[in-house]
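Below is one structure, written out as structure tokens; the observations come after it.
The values are calculated or read from the model by the stated rules, or taken from the named source; none is laboratory data. No experiment lies behind these values; they were computed from the predicted model shown. So basically every Cβ, Gly included, is an ideal-geometry build from the backbone, and we count neighbours across all protein chains shown.
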Amino acid sequence: MSGNVLYDAPGPRTLRIERIASIAVGVLIVGFLAWVVVGMIDRGLFNERWAIFTDPPRGQSAEDVWYSLLVRGLGATLRAAAVAAPIALALAFVLAILRTSGLKLVRGPAVAIIELLRGMPVLLMMFFGLLAFGLTSFEAVVFGLALYNAAIVAEILRAGLAALPKGQVEAGTAIGLTRWQTLRIIQLPQVVRLMLPSLISQFVVLLKDSSLGFIVGYPELLRTMQLNYSFFGDQYRLPLFVAVLAVYLIVNVTLSRLAVYIDRRLSERGQHAKQATVLLPAGLDVVETKGP
Amino acid sequence: MDSVIESLPKLWDGFTTTLFLAVVSGVLSLVVGTVLAAFRVSPLRSLRIIGATIVEIGRNTPLTLVFVFFVFILPTTGYILPLGRVPAVIALTVYTSAFVCEAVRSGINSVGVGQAEAARAIGLGTVQTLSLVVIPQALRTVVPPLINVLIALTKNTSVAAGFAVVELTATGRSLARDFPTDVLWMLGGVAFFYLVITIPAGTIAGAIERRVVFSR
């Protein structure tokens, strides 16, 4: 690794030693994995139970299993996330705007609400919805996810607002825009773009937290998995778990990669963005043509 | 309101269980996470790959699914864990370690390469470079995100409520059923106990962060 703060740049001899040690460790890891797999074979974990995905028992077809997992289970998970995310985002905009207000009377309560929502477990908020406000399990899941993430996203947006150059607001004020207009036309569009990677990462968190629906009785992906293995029998728990884990990993890793990709593209454009801030009037032209 | 005072002993028991889960899995995941971070910055490529794989899986798996694995799946493969706190601590540690690893790694990476180069240039050895130059700087940047990871862990202990551990959230749920007219008060009491931990910890993290930014 070049440019590492922990080690000096390695010479040819060190490189050779590192390569040999790396291969040795690699062999050890592969050996360990092989040992685990052999142990699993000895315990009979690679028997006909995996046929649940191709030829399941009890008169069900493979399509039934996949349909229940991917369409009903994952569908319910995505539905909760898809309903909660826009609500969270909308609330977050409101909270972030109040939080950065010039009036202490407005800022104070906003800080209190954000701290309150951030400091509580999502599951507890879902129980508030379920037990205190009498919501259905779906509504309770959305309630918890939306409120909790609203507070987190509000903090992300606030960090974005703080990261924008001061000249942006000053320029807005100078051409006679009100605070609301400055926010809407100048600050927020830039903040959303700047913070897009963080927002996507937070969406992954939201998606993961939707699995708490399992505990409050919302039939999402995990609950569907449980329904499947209580129908087919206990030996099918492992294969069904592996399938659900794979589904989560595929969805979340894809989203995380997207966040990293956008982050990289933004930082590549970093220089251009700095130049663009100097050429603000050009940006305002665009805004003006959009105006009424 | 009287019912809250009446249930205080139960809430306190829940609180100590939550605290137990948070402290034990906190310490364990700090250790495991630091080891993983060492893997990820190691000069050996195979260690880096294995570290990155573990972290990527850990960060993208829902905590509930980790709990499901240790409580419902693992026993059917012949490895039986005692029900209750043990699988909860294991699940929380497995999940949190990935986040600890990332916090520690970004702390190490936040120290400029020039710092280590300058240390070597004035003749410091490896141990001195690390102990006098790199680690003191890395530690400062690493503490606020680590506190945030531990705050998240404290809130995440609530997931154990779904898996036969009577901690704060589970206590709140059962109290809400015992006192159907005071549900808001009961859950509010539970929320208060969480906030007692999370808000001061968050304030401390923020204060340290501001001081570190200032000193750079």
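What to note about this one:
- Restricting attention to the range B:102-137, the residues that are within 19 Å of B:VAL35 (Cβ to Cβ), hydrophobic (A, V, I, L, M, F, W, C) and free of Cβ contacts under 8 Å to residues at least 60 places away in the same chain total 3.
- Long-range neighbours under 9 Å by Cβ, at least six apart or interchain, first residue closer than 20 Å to B:VAL66 by Cα and within 11 Å of chain B (Cβ to nearest Cβ) within the range A:244-269, second surrounded by 12 or more Cβ atoms within 10 Å (Cβ to Cβ) and among the acidic types (Asp, Glu): A:LEU249/B:GLU56; A:VAL253/B:GLU56; A:SER256/B:GLU56
- Subset of the range A:61-78 that is touching a helix residue (DSSP H, G or I) at 6+ places or on another chain (Cβ under 8 Å) and of a type outside the set (A, V, I, L, M) - its residue that is surrounded by the fewest Cβ atoms within 10 Å (Cβ to Cβ): A:TRP66
- Scanning the range A:13-38 for residues that are under 34 Å from the mean Cα position of the chain (by Cα) and farther than 30 Å from A:LEU238 by Cα turns up just one, A:SER22.
So that you can scan it fast, the table gives a plain yes or no per residue for (1) more than 10 Å from chain A (Cβ to nearest Cβ); (2) touching a helix residue (DSSP H, G or I) at 6+ places or on another chain (Cβ under 8 Å); (3) under 28 Å from A:PRO121 (Cα atoms):
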position	(1), (2), (3)
B:SER106	yes, yes, yes
B:SER110	no, yes, no
B:SER158	no, yes, yes
B:THR169	no, yes, yes
B:ALA176	no, yes, yes
B:TRP185	no, yes, yes
B:GLU209	yes, yes, yes
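- Restricting the range B:19-78 to residues that are surrounded by fewer than 19 Cβ atoms within 10 Å (Cβ to Cβ), of a type in the set (D, E, K, R) and more than 28 Å from A:MET225 (Cβ to Cβ), the residue that is nearest to the other protein chains (Cβ to nearest Cβ): B:ARG45
- All of B:LEU21, B:LEU92, B:LEU36 fail the test of being touching a Lys or Arg at 6+ places or on another chain (Cβ under 8 Å) and in contact (Cβ under 8 Å) with a residue 60 or more places away in the chain, apart from B:LEU21.
- Check on A:ARG43, closer than 21 Å to A:ALA246 by Cα, surrounded by 11 or more Cβ atoms within 10 Å (Cβ to Cβ), of a type in the set (Lys, Arg) and at pLDDT below 90: no
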